[in-house]
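Peer 1: Following this message is one structure expressed as structure tokens.
The values are calculated or read from the model by the stated rules, or taken from the named source; none is laboratory data. Everything quoted here is computed from the prediction, not taken from an experiment. Here the Cβ positions follow ideal geometry from the backbone for every residue, glycine too, while neighbour counts run over all protein chains shown. Heavy atoms of the whole protein, side chains included, go into the accessibility calculation; ligands, DNA and RNA do not. Shrake-Rupley method; radii C 1.70, N 1.55, O 1.52, S 1.80 Å.
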Amino acid sequence: MAVMALQIVGLVMGFLGLILQIASTCSNTWRVSSNADSVISATWVFEGLWMNCAASALGSVQCKWFRGLLGLDSYVQGCRALMIVSLLLGLAGVIVALLGLKCTKIGSGNEQTKGKIALTGGVCLIASGLCCIIPVSWYAYQITQEFYNPLYGGTKYELGPALYMGWGGAILAILGGAFLCCSCTGGQKGYKYAGPGQGDQQKIYKASSVGETKAYV
């Protein structure tokens, strides 16, 4: 029951992490204009990986897709690639982990095979979390560098909500994958170190002790 509970909790956390990663990737609020600029111009500017938007105090929002790939900054291109890889690994990890659950009849009926499948799903989820936390932290570092750079003449931005969603999704994916890996490891230990082996050692020790007593007498 404990192994099954770990697998279910790990799968749920991995699925929630995937949802947050998708929301972070599609969001346009990776960085937002600072409050100082907003008060002066009464316009809020926010950008994501795919487009930048401008919202006015009257409630109108206008968005524009980024033109071309080569014209983007290198860190934006890298963040795009890593987030797409993260989503693919997360989706694969959730599907594989679902096949490896002990409470499901999908896939193999062998417990050892199911344990290996669950372990593979956990590794995919951990890799997905790492591929997500790297671009989010990289993007946040770039925003911080530009904000505190006195020589930077562009618009000052702050960390947007999409970055926090990305961090949350990455943490959930890593924890979910760790739970799946721990459940598989715990199950293998339980089958490997069984009681009969210890009983044989005790019998051999008793037989040797009796033999030694007879020889001494």
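Peer 1: Between Leu72 and Asn110, 0.36 nm times their residue separation minus their Cα-Cα distance comes to what?
Peer 2: Length difference between fully extended and current span is 8.7 nm.
Peer 1: Quick one: if the Förster radius is 45 Å, what FRET efficiency do Cys53 and Ala5 give, using the C-beta to C-beta distance and rounding to 0.05?
Peer 2: 0.55
Peer 1: Are there trypsin sites (Lys or Arg not before Pro) in the stretch 49-97 that DSSP marks as loop and that have at most 16 other Cβ atoms within 10 Å, and which are they?
Peer 2: Within the stretch 49-97, the qualifying trypsin sites (Lys or Arg not before Pro) (loop, at most 16 other Cβ atoms within 10 Å) are Arg67.
Peer 1: Next question, about the same structure. Where the accessible area of the stretch 83-147 is counted over protein heavy atoms with a 1.4 Å probe, how much of it, in %, is carbon and sulfur?
Peer 2: Within the stretch 83-147, the accessible surface is 72 percent carbon and sulfur.
Peer 1: Moving on to the next point. Counting Lys and Arg as +1 and Asp and Glu as -1, each charge on the Cβ, what is the dipole of the stretch 1-104 about the Cα centre in debye, to the nearest 20?
Peer 2: 200 debye
Peer 1: Next up: Let's test the formula: R0 of 41 Å, r as the Cβ-Cβ distance of Gln62 and Asn149. What FRET efficiency results, to the nearest 0.05?
Peer 2: 0.90
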